[in-house]
Every structure is written in C-alpha cells, then in structure tokens.
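Step one of this worksheet: look at the structure below.
The values are calculated or read from the model by the stated rules, or taken from the named source; none is laboratory data. Since the structure is predicted, the reported quantities are computational estimates derived from the model, not experimental observations. Positions of Cβ are generated from backbone atoms using ideal geometry, with glycine treated the same way; all protein chains shown enter the neighbour counts. Ligands, DNA and RNA are excluded from the accessible area calculation, which covers all protein heavy atoms including side chains. Shrake-Rupley method; radii C 1.70, N 1.55, O 1.52, S 1.80 Å.
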Amino acid sequence: MTVTTVTGPKGRLSPERRRRLAETLTDAALVPEVGQFAPAARVGFQVHFTEREADMMAISGRLLADAGPEADAMVIDVTVMDVTVMDGDWSQEVRTEVIQRALVAMPDACGLAEPSPAWWVTFRVIDEGSWGSRGTVLSVLSLLDSGVFTAEKAEAVRTALGA
C-alpha cells in the first residue's frame, strides 16, 4: 500500500534513528490512507533506508564529500498504491498532511529542532491495478473487507471504482 524510501548520506542515521523513523514514517501515512490508526494495517507499509557515499550525493552543485560536515541532504519518497481510486481521500490537503508529518518525523528522529531545508519529501502515486504481491496483480478491493479501513473510506473506494 505505501512504501517510503529515505535516501541520505552513509552513516547519517544510526540504527536507533532508523528504528524511530520506521515507526513515525509509517504512521505519517497510515491514518490518512486507511482513515484511522489501525495497527493491523502496518503490514501494508514499508520503510526502506538507502545510504549513499558522500561522493555519490551533491547539494548546491557540490559533492557532499567536498561540501563539509554541515552539508545534510536527504530525500524521503512516499509512494502510495491505489491512490487514484481514492482521489477524494487523497486530496492535495491530505497529501500535504502526509508530507508535513514526514517532515516532523525526520528532525524528531534525528534529534534536531527543525527539518533541514535540504531534506525533500516527494509524494508519488501508483495507479489501481499497477502493483502486485503474492504472485499476482493486486487491487485495493481485496483489502476493503480486512477491517483496517473505516466504513466511510471503504465506501468511498467502492464508489470510485463503481463496485
């Protein structure tokens, strides 16, 4: 349902910070996506951490390796499946909420007072029927009766799909 990828310089995030981010970045998208805090829905959320050597990232046209210790660049990419069938639920307002929640999670987990201006969050969508797992192409319809979606959210998805 949702995959969040955090890409940053090698060694920037300790295992403890990654543990904290795995939880907070999951929660940043979980409630807006399913309509409620549902621990059972966590199985549909993944957080991936990608580290790059300082000479494999650049900011302001300079490699981080050359920019000095104050250089801090990270990208948080939130990829959401099934978004197009839930357009009413994934309005710009809700997308903004997810991005803002991710930007709050980052400094909290990193022990900073505020997000760095060099941390970017992107929000991407994968169309209904354009993702797969368990050896097949999946649909959000198969998840609606799992109990993790609110009745209102499930009904909105069914209506959007004409199901």
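The sole residue among 160, 154, 102 that is among the small types (Gly, Ala, Ser) and under 25 Å from residue 17 (Cβ atoms) is 102. Tell me yes or no: at least one residue of region 25-36 is over 15 Å from residue 95 (Cα atoms), open to solvent by 10 Å² or more (accessible area, probe 1.4 Å) and among the hydrophobic types (A, V, I, L, M, F, W, C). No - not one qualifying residue is present in region 25-36. So which residues in region 111-135 are open to solvent by 70 Å² or more (accessible area, probe 1.4 Å) and under 18 Å from residue 95 (Cα atoms)? Across region 111-135, the qualifying residues are 120, 124, 127.
Can you find even one residue in region 60-71 that is within 29 Å of residue 1 (Cα to Cα) and at pLDDT 85 or above? No, the conditions are met nowhere in region 60-71. When residue 95 is tested against (1) out of contact with any strand residue (DSSP E or B) (no Cβ under 9 Å at 6 or more places or on another chain); (2) modelled with pLDDT of 80 or more, exactly one condition is not met: (1). Residues of region 53-76 that are open to solvent by 70 Å² or more (accessible area, probe 1.4 Å) and of a type in the set (A, V, I, L, M): 56 alone.
In region 44-52, is there at least one residue being surrounded by 17 or more Cβ atoms within 10 Å (Cβ to Cβ) and acidic (Asp, Glu)? No, that holds for no residue. The residue that is least open to solvent (accessible area, probe 1.4 Å), counting only those in region 1-16 that are of a type in the set (D, E, K, R) and within 23 Å of residue 59 (Cα to Cα), is 12. When region 141-163 is filtered for residues that are among the β-branched types (Val, Ile, Thr), at pLDDT 70 or above and open to solvent by less than 70 Å² (accessible area, probe 1.4 Å), the ones remaining, listed by number, are 150, 157. Within region 112-163, restricting attention to residues that are under 26 Å from residue 73 (Cα atoms) and of a type in the set (Phe, Trp, Tyr), the residue that is farthest from the chain's Cα centre (by Cα) is 119. Pairing residues of region 133-145 that are in a helix (DSSP H, G or I) with residues that are of a type in the set (Asp, Glu), at Cβ distances under 8 Å and at least 6 apart in sequence or on separate chains, gives 140/82; 140/128.
Scanning region 27-85 for residues that are of a type in the set (D, E, K, R), assigned to a loop (DSSP other than H, G, I, E, B) and under 30 Å from residue 161 (Cα atoms) yields one hit, 82.
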